[in-house]
Amino acid sequence: MRLRMVPASPFVRKCRIAAAHLGLSNEVVFVDAADDPDDALRKNNPLNKIPIALLDDGSALYDSRVIVEYFDHLAGGGAIIPADPARRFPVLTRQALADGIMDATVLLVYEVRYREAHQHSPKWIAHQKAKIGAALAEAEKTPEIHAPPGEQIDIGQIALACALGFLDLRHGGAWRADHPKLVAFLDAFAARVPSFEATKAAK
């Protein structure tokens, strides 16, 4: 399959790490969507967003939550998304929390990238920063989230690592000073999962 992507996207990074961790890297061709300006994203996804997984039968899967679940299915199921409901839904909720951090951070980036300076909304910016702050506080106080990865890496841990990495990329790691448990989590994750460093974007 082909996965249309932009390397700096934390949602793409989540899929790339999941594929590597599940041993699927050789089954996925990663295609930089920015390399072909004539191939509009909306041809594959009406929402015009990445990542998009293009399957051999011509169908498309989006967004990242669907793609990583498909990867888990290809790997036999229950590898990064537990099958047991007692573990499955907490893990998916932790993924949702991390995805929310990514969403809010992307919106802050877009506020600067796509709007003129005189159009910037301090209220909107404060709203997104508040969401990020609240999510980080929740993650910091939740042992199941910030504990170093155990024997099994799950999608909640992968998503959180990607969210924190994106904050490092776009906001210079300002989150680190007030969240020592998350710093410890990310250090442990990076040491355990080589694809985290391998998928790091330069900008």
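Counting only DSSP beta bridges with both residues in the chain, what percent are antiparallel, rounded to the nearest 5? Restricted to the chain, the bridges split so that about 55 percent are antiparallel.
Roughly how big is segment 85-194's charge dipole about its Cα centre, with Cβ charges of +1 (Lys, Arg) and -1 (Asp, Glu), in debye to the nearest 20?
Details: 13 positive and 12 negative charges, 34 e Å.
In debye, rounded to 20, segment 85-194 gives about 160.
Between S121 and A137, residue separation times 0.36 nm minus the direct Cα-Cα distance comes to 3.3 nm. Counting other Cβ atoms within 10 Å of each Cβ, which GluC sites (Glu not before Pro) in segment 71-149 have at most 11 and sit in a DSSP loop? Hits after loop and neighbour filter: E116. Work out the charge dipole of segment 85-194 with +1 on the Cβ of Lys and Arg and -1 on the Cβ of Asp and Glu about the Cα centre, then indicate which of A137, I158, Y110 is farthest towards its positive end. Final value for the positive-end residue is Y110. Extension gain, A190 to L47, is 48.3 nm, computed as 0.36 nm per intervening residue step minus the present C-alpha separation. Beta-bridge orientation, segment 2-74: approximately 55 percent antiparallel, per DSSP, counting only bridges with both partners inside.
In terms of Cα atoms, the Rg and Dmax of the chain work out to 16.8, 52 Å.
Of the peptides 8-19, 50-61, how do they stack up when ordered by the mean number of other Cβ atoms within 10 Å, highest first? Don't skip to the answer; put the middle values down first.
Values: 8-19: 25.4, 50-61: 16.0.
In descending order of packing, they fall as 8-19, 50-61.
For the pairs K14/K203; K14/K123; K129/K200; K14/K43; K49/K131, flag any whose C-alpha to C-alpha distance is greater than 25 Å. Kindly include the intermediate steps, with their values, before the conclusion.
On the way: K14/K203 17 Å; K14/K123 30 Å; K129/K200 23 Å; K14/K43 23 Å; K49/K131 22 Å.
Distance filter (> 25 Å) returns K14/K123.
Calculate the FRET efficiency for V66 and A201 from the Cβ-Cβ distance with a Förster distance of 30 Å, rounded to the nearest 0.05. Intermediate values should be presented prior to the final figure.
Numbers: r = 22 Å, r/R0 = 0.74.
E(calc), rounded to 0.05, equals 0.85.
Sorted from greatest to least, the principal axis extents spanned by the alpha carbons of segment 2-74 come out as 32, 26, 20 Å. Of the residues G165, G100, G77, which exhibits the maximal mean-square fluctuation in a Gaussian network model of the chain defined by a 10 Å Cα contact cut-off? Largest GNM mean-square fluctuation: G77.
FYI, it's all coordinate maths here, none of it is from the lab. None of these values were measured; they are calculated from a predicted model. Cβ sites come from the backbone with ideal geometry, for glycine too, and all protein chains shown count toward neighbours.
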